[in-house]
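The values are calculated or read from the model by the stated rules, or taken from the named source; none is laboratory data. Note that this is a predicted model, so its numbers are computed, not measured. Neighbour counts run over all protein chains shown; Cβ positions are idealised from the backbone, glycine included. Just the protein is used for accessible areas: all its heavy atoms, side chains included, with ligands, DNA and RNA removed. Shrake-Rupley method; radii C 1.70, N 1.55, O 1.52, S 1.80 Å.
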Amino acid sequence: MKRVSLVVTLALAAGLSAQAASAQTLKTVKDRGMLSCGVSQGLPGFSTPDDKGNWTGLDVDICRAIAAAVFNDATKIKFVPLSAKDRFTALQSGEIDVLSRNTTWTLSRDTSLGANFTGVTYYDGQGFLVKKSLKVNSALELNSASVCVQTGTTTEQNLADYFKGNNMKYEVIAFATADETIKAYESGRCDVFTSDVSQLYAERLKVANPAEHVVLPEVISKEPLGPMVRHGDDQWFDIVKWTLYAMVGAEELGLTQKNVDEMVKSDKPEVKRAVGTDGNLGEQLGLTKDWMVRIVKAVGNYGESFERNVGSGSKLGIARGLNQLWSKGGIQYAPPIR
């Protein structure tokens, strides 16, 4: 009996120790009174500051949603602009609590960086931007082209695979930042700029005459973009993951910034669970019952954030496409909130 008791005691102690370790990031964030969120150095539609330092974008909304869920205040954030090269080090070192910076989810990144992807905020793919004066209508016409790319991304490997697979030659001209890359392309140092299609639309806004440039129709890769957190903290992983799913789930349920206060009164079981009037799902995450209401009030549902930042209500004007809800022909899909 003593041996059994000892085993049980040790198991309980180990469980409590693991539980304490798992809550470390949430406690750190609360004690600090602010979320530290890694974003891009300026990518319209995803994360970019205005001249007063106010950040907006789809990736920024993820940060704001997390802050809203934790603090009930979407402004309690320190935005840390990071280059593609430095973003993972900042997460690994603890400089940031979450990386929300148009980052592609791949196997190697999921296993070798000491980090976890928490979901997909934007389904993307790599494409090509060219000047209309080049009179190119397809990426298959780019044999012997010089191509501007940003280092520290998945772009270079995808580029190599595509050109090799189509028996074409090319010259890579690489730069450390997105700004350097688009400036080099605009100045004529290369024929083509390649990156994720969403980024091409964003970067095209920075050139003098955007209408003189066109994104070619080919999409040559899968680029599921999403937030990352460090390995080893399951509670924080769950909070960031379910913050995204709350935004998608809110759109599925018809919860919006305008109607969420009224929807709190709903008698529908799935809505009651989501808004916290039935059950304790928020507490299971280490948050409050109204965690999802806080998120929707702060940034809206996923569709509202998409349209405002990159969709029809933005300068980018990108169609929802794959990022439409699964029930409307896309592949955005949230696990059940129950």
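Data table
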read-out: Relative contact order (%) - criterion: Cα under 8 Å, at least six apart; region: the chain; value: 21
read-out: Gyration tensor (alpha-carbon) shape descriptor, segment 227-338, a/c threshold 1.5; value: oblate
read-out: For segment 21-166, size of Cβ-based charge dipole, Lys and Arg +1, Asp and Glu -1, in debye; value: 120
read-out: Virtual spin-label span in nm between Lys183 and Lys315, 7 Å along Cα→Cβ; value: 1.8
read-out: Lys, Arg +1 and Asp, Glu -1 on Cβ, resulting dipole of the chain about Cα centre, debye, nearest 20; value: 500
read-out: Estimated D of segment 212-255 in µm² per second, where Rh is the Kirkwood radius over Cα pairs and Stokes-Einstein applies at 10 °C, 1.306 mPa s; value: 116
read-out: Percent RCO, i.e. relative contact order, over segment 17-137, from Cα pairs under 8 Å lying at least 6 residues apart; value: 26
read-out: Within the accessible area of segment 126-221 (1.4 Å probe), percent carbon and sulfur; value: 48
read-out: Calculated FRET efficiency for the pair Asp267/Glu95, C-beta based, R₀ 35 Å, to 0.05; value: 0.15
read-out: Extension gain from Asn54 to Ala211, taking 0.36 nm per residue of separation minus the Cα-Cα distance; value: 53.8 nm
read-out: Segment 184-259-segment 90-106 distance, computed between alpha-carbon centres (Å); value: 15
read-out: Computed magnitude of the charge dipole of segment 163-250 (debye, nearest 20; Cβ of K, R +1, Cβ of D, E -1); value: 140
read-out: Dipole of the chain, positive end: most advanced residue of Asn167, Thr277, Tyr185 [Cβ charges, Cα centre]; value: Thr277
read-out: Proximal charge balance of Val147 [Cβ under 10 Å; K/R count +1, D/E count -1]; value: -3
read-out: Stretchable slack from Trp326 to Asp31, in nm (0.36 nm times residue separation minus alpha-carbon distance); value: 102.3 nm
read-out: Burial ranking of peptide ranges 61-72, 315-326 (average Cβ count within 10 Å, highest at the top); value: 61-72, 315-326
read-out: Kyte-Doolittle at least -1.0, axis length at least 18 Å by Cα - qualifying DSSP helices, the chain; value: 2-22, 58-71, 234-253
read-out: Net lengthening on full extension, Asp234/Thr277 (0.36 nm per residue, minus Cα-Cα); value: 12.9 nm
read-out: Value at 222 nm in deg cm²/dmol, rounded to 500, when DSSP H runs of n ≥ 4 in the chain each add -39,500 (n - 2.57); value: -12000 deg cm²/dmol
read-out: Where labels lie 7 Å past Cα in the beta-carbon direction, separation of Thr151 and Arg338 in nm; value: 5.2
read-out: Unit charges at the beta carbon, dipole of the chain: most positive-side option, Gly311, Leu225, Pro335; value: Pro335
read-out: Distance in nm between pseudo-label sites at Glu218 and Arg109 (7 Å out along the Cβ direction from Cα); value: 2.3
